[in-house]
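Data first, discussion second: the structure below is written as structure tokens.
The values are calculated or read from the model by the stated rules, or taken from the named source; none is laboratory data. Bear in mind the structure is a predicted one, so any value in this text is a computation, not a measurement. Reconstructed Cβ throughout: ideal geometry from the backbone, glycine too, with neighbour counts over all protein chains shown. Note: accessible area is taken over every heavy atom of the protein model, side chains too, but ligands, DNA and RNA are not part of it. Shrake-Rupley method; radii C 1.70, N 1.55, O 1.52, S 1.80 Å.
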Amino acid sequence: MTKITNSKVRFYLAILSIFAVSAAWAQDEEAAGYEYLNELRTRAGMIPFLQNDNLQTAAANHAQYLVGNSTSSLRYGGHFENPGDPYFTGNQASDRTGAADYLSTVVSENVSTGQSDVFASIDDLFSAIYHRFGFLSFSMDEVGLGFVKDSVIDYSAYTYNMGNTGLNDLCRGSSFTSTGNFFLNLCSHDSDFRISGTDKNAAEEQIEGQNPFLVTWPDQGDTDVPPAFFEESPDPLPDYSVSGYPISLQFNPMVYTDVSVTSFRIFEDSSNREISNTRLLDRNTDPNMKFSGLEFALFPLERLDWQTVYRVEVKYDSNLESDSLMWKFATRNPGAPLFEYAGDGTTVEIPINAANDFIFYVPPDQNYPTIQNIGASFPAGLSVDVNFIDGNTLSVRMVGSIGQQADFEMVGRSFSLRIGNQAEIPVVPEIDLTEDGVSGGGNEAVASFNESTSILSIPLLVVDGELQVGVNLRLIDGNALTFVVNDVIAADETASDEALFTSSSLELTIPKLSALGASFSVTMKLVDAENLLFQITTAEVLAEQPQSQL
């Protein structure tokens, strides 16, 4: 029997496998990690992280500590270091960043172990809700990434330290000596160094103001969402080893002070079937009391399906507005034909034209939530290669003849895979979510307001595919924030309909905008009041203008 173990596929974010790499390859992976993390941040509408060398040094030091003190049988993980161990640079994250000459103690840290590369590390951390919120912080704007891999003991660690540039700069200045509210212990070089409450708030709000009012994850249109969440430390679902990928909603603390989510639902979009077996975590229901009052996450308590479109619907009340949201995402394509375990001892036939590259899914069982490890026996002349995609899903390659069979044993269960006759493999259609939308998720347009002329200029709007026009709005009622369309840039005529700004929803609606041979209705959401940044939420063609015939 050939034993295929899953000892290193543990889904606590504390365990990982490692491979030795050259310095050049490591630099490539490091660069790819920064790029990928910022790709996900910007996908959520947030500003990208700046790279900070001091934070990177601290992150690399902690990764070295975790790997350097590990053996083939003893694995180090987590956020804390013991002073007597080799490679010790500080007990907790702020100690280690301070030792690396990062002055602010307001830092956060994400750590993962057990992944083969930085992409898997970041994906796993995004699936873990507390770590996801760390990556999607409204007030952090810089990061350092460090990782170490050791092929001898087959172990690796990835560490990410996040900070705020403004707070770090304040620690380089002078201690606050005036009267008023101030904070201590915010600077690593001097615990008595004072930062005024006003300066601290300004540093945080400077970053918060550059981020959107709210952040959803997965975001509208995402098509590569893992279908499952396993475990995290601390564990948000201590009574579940496997669940569906969590859907989160965060509100910007610069804008919102009080939010109540009154409805948070998920549907399989094609059938409109609601996934009712869910659990909503917020400040009151989070078992580890780590959620703020502006963070919410819905956990489907069963795995989501592979390559399936889901629709999320949320209603909420806040100090700013009462509103509803709807967005869609799709779980990822496993990348090969998918076959499923049919029960203990059963045989699944795999067409020979699919056998050399297919996916085998073993749904979680109440007694056996994950595969853990698996053994295979097969006759001479049949080649079998098995790798784990996740704790319930295997990538399988069988090279042999029709009728040959491999028998598999898992803890408490068994199954067989037999190569069958050639058969048609259904083609999974590509998923397209481009026509769907979510409040605050459209194309961006930066507006400017001229107080002397009372003109609000929005230079570029994408209102119909590739069609781009600009519009100047003249303020006619400052109390009601009502505008009229003064002129349309690159248009064949001028519209004069009123454009009304609704302060409760932060939406600017232009009911009619005639440009380039067509009439449009455009609605934009104000996502950055300081910089007058709007995002188009709807842009609809009202009627085609008659074309002159020559």
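Counting only residues that are touching a residue at least 60 places away in the same chain (Cβ under 8 Å), more than 12 Å from Val242 (Cα to Cα) and not in a loop (DSSP other than H, G, I, E, B), segment 364-392 holds 7 of them.
Anything in segment 115-136 that is assigned to a loop (DSSP other than H, G, I, E, B) and open to solvent by 20 Å² or more (accessible area, probe 1.4 Å)? List them, or say none. Before the answer, list the steps.
Step one: filter segment 115-136 for residues assigned to a loop (DSSP other than H, G, I, E, B), giving 115-117, 128, 136.
Correct list: Ser116, Asp117.
Residues of segment 62-114 that are among the hydroxyl-bearing types (Ser, Thr, Tyr), under 19 Å from Asn52 (Cα atoms) and surrounded by fewer than 23 Cβ atoms within 10 Å (Cβ to Cβ): Thr89, Ser94, Thr105, Ser108.
Of the residues making up segment 309-344, those that are within 21 Å of Asn387 (Cα to Cα) and of a type outside the set (A, V, I, L, M) are Thr331, Arg332, Asn333, Pro334, Gly335, Pro337, Phe339, Glu340, Tyr341, Gly343, Asp344.
Residues in segment 137-150 that are open to solvent by 10 Å² or more (accessible area, probe 1.4 Å) and β-branched (Val, Ile, Thr): Val148 only. Assessment of segment 269-290 against the conditions (at pLDDT 95 or above, surrounded by 21 or more Cβ atoms within 10 Å (Cβ to Cβ) and over 30 Å from Glu204 (Cα atoms)) yields no matching residue.
Checking the conditions here, which among Ser383, Ser377, Ser401, Ser414 is open to solvent by 20 Å² or more (accessible area, probe 1.4 Å), of a type in the set (Gly, Ala, Ser) and under 27 Å from Leu301 (Cα atoms)? If you could, list the steps in order and put the result at the bottom.
Details: Ser383 fails: under 27 Å from Leu301 (Cα atoms); Ser377 fails: under 27 Å from Leu301 (Cα atoms); Ser401 fails: under 27 Å from Leu301 (Cα atoms).
One residue alone meets the criteria, Ser414.
Determine whether segment 175-189 contains at least one residue that is closer than 25 Å to Ser233 by Cβ, touching a strand residue (DSSP E or B) at 6+ places or on another chain (Cβ under 7 Å) and open to solvent by less than 50 Å² (accessible area, probe 1.4 Å). No, segment 175-189 contains no residue that is closer than 25 Å to Ser233 by Cβ, touching a strand residue (DSSP E or B) at 6+ places or on another chain (Cβ under 7 Å) and open to solvent by less than 50 Å² (accessible area, probe 1.4 Å).
Among what's in segment 216-237 and is surrounded by fewer than 20 Cβ atoms within 10 Å (Cβ to Cβ) and modelled with pLDDT of 95 or more, pick the residue that is farthest from Gly114 (Cα to Cα). For segment 216-237, the residue satisfying everything is Leu237. Contact annotation: residue pairs with Cβ atoms under 7 Å, 6 or more positions apart or on different chains, pairing a residue in segment 300-318 that is among the hydrophobic types (A, V, I, L, M, F, W, C) and buried (at least 17 other Cβ atoms within 10 Å of the Cβ) with a partner that is at pLDDT 95 or above and assigned to a loop (DSSP other than H, G, I, E, B), are Leu304/Pro227; Leu304/Tyr245; Trp306/Pro227.
Restricted to segment 151-172, and to residues that are open to solvent by 40 Å² or more (accessible area, probe 1.4 Å) and assigned to a loop (DSSP other than H, G, I, E, B), which residue is nearest to Glu109 (Cα to Cα)? Step through it out loud before you land on a result.
First, pick out the residues of segment 151-172 that are open to solvent by 40 Å² or more (accessible area, probe 1.4 Å): 151-152, 154, 169-170, 172.
Then keep just the ones that are assigned to a loop (DSSP other than H, G, I, E, B); that gives 151-152, 154, 172.
Working: Ser151: 25, Val152: 27, Asp154: 24, Arg172: 22 Å.
Looking at the filtered set, the residue picked out is Arg172.
Of the residues making up segment 338-353, none is touching a strand residue (DSSP E or B) at 6+ places or on another chain (Cβ under 6 Å) and closer than 22 Å to Val255 by Cβ.
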